[in-house]
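The values are calculated or read from the model by the stated rules, or taken from the named source; none is laboratory data. Nothing here was measured: the structure is a model prediction, and the numbers come from that model. Reconstructed Cβ throughout: ideal geometry from the backbone, glycine too, with neighbour counts over all protein chains shown. Accessible surface is based on the protein model in full, side chains and every heavy atom, while ligands, DNA and RNA are left aside. Shrake-Rupley method; radii C 1.70, N 1.55, O 1.52, S 1.80 Å.
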Amino acid sequence: MKLLMTATILTATVLTGSPAQAAPAALATWNVTIDGTASGTAFRAGGTVTMHRTVTSAGTTNGVNPLDVCLRSGFPAGAPATGAIWLGSTSACFPLRRSDLDMAGVSVAGSRVTVVPDGRLQATMVNNWTARTSVTGCIYSPTSGSAVYQVNADGSLSGSIQLRGYGGAFCGWSTYSASLTGRRAA
């Protein structure tokens, strides 16, 4: 209950607008720059972070999220690029989804939001990244780690991503380590 109240406070104060006033889609969107390494290869990429009202409220194995968070940078599965990543707390974050599958646990503490991918769903490859720019580049999906987002007093966003993932027998393991900063877009 306390977590739900904190999420409501975050939504009402930091994201500007109470849940009753916010549009059913995004509560807030930030244009972000991501700096880091994917399998040890350095990259800098642009993307978006969007926070939404909770999409999946039933059928979850890791608890109902107080809100849903979507990070999109590039198109890892269709146009592999070093550091391209899709990391969402629900499959509803991404186009052409077939269902609203809960993909991660989300916790809120003040203006800090933590997303922990559910490693049991790694094989779905919904959340994924690429470590190199190549049509033969491997796609990795997280088995462990987290993304932490901090909504700052001026409305900007900062954060860090630390993930470990698997890409199958031919690709093996990968790490994704990055920081991000962004300005509020909507």
* What about Gly165, is it farther than 13 Å from Ser39 by Cα and either out of contact with any strand residue (DSSP E or B) (no Cβ under 8 Å at 6 or more places or on another chain) or of a type outside the set (Asp, Glu) (or both)? -> no
* Asked: Scanning the range 148-175 for residues that are touching a Pro at 6+ places or on another chain (Cβ under 8 Å) and open to solvent by less than 60 Å² (accessible area, probe 1.4 Å), which turns out nearest to Met51 (Cα to Cα)?
  -> Leu163
* To do: Mind telling me which of the residues Gly110, Gly145 ends up being open to solvent by 20 Å² or more (accessible area, probe 1.4 Å), on the phi > 0 side of the Ramachandran plot and over 16 Å from the mean Cα position of the chain (by Cα)?
  => Gly110
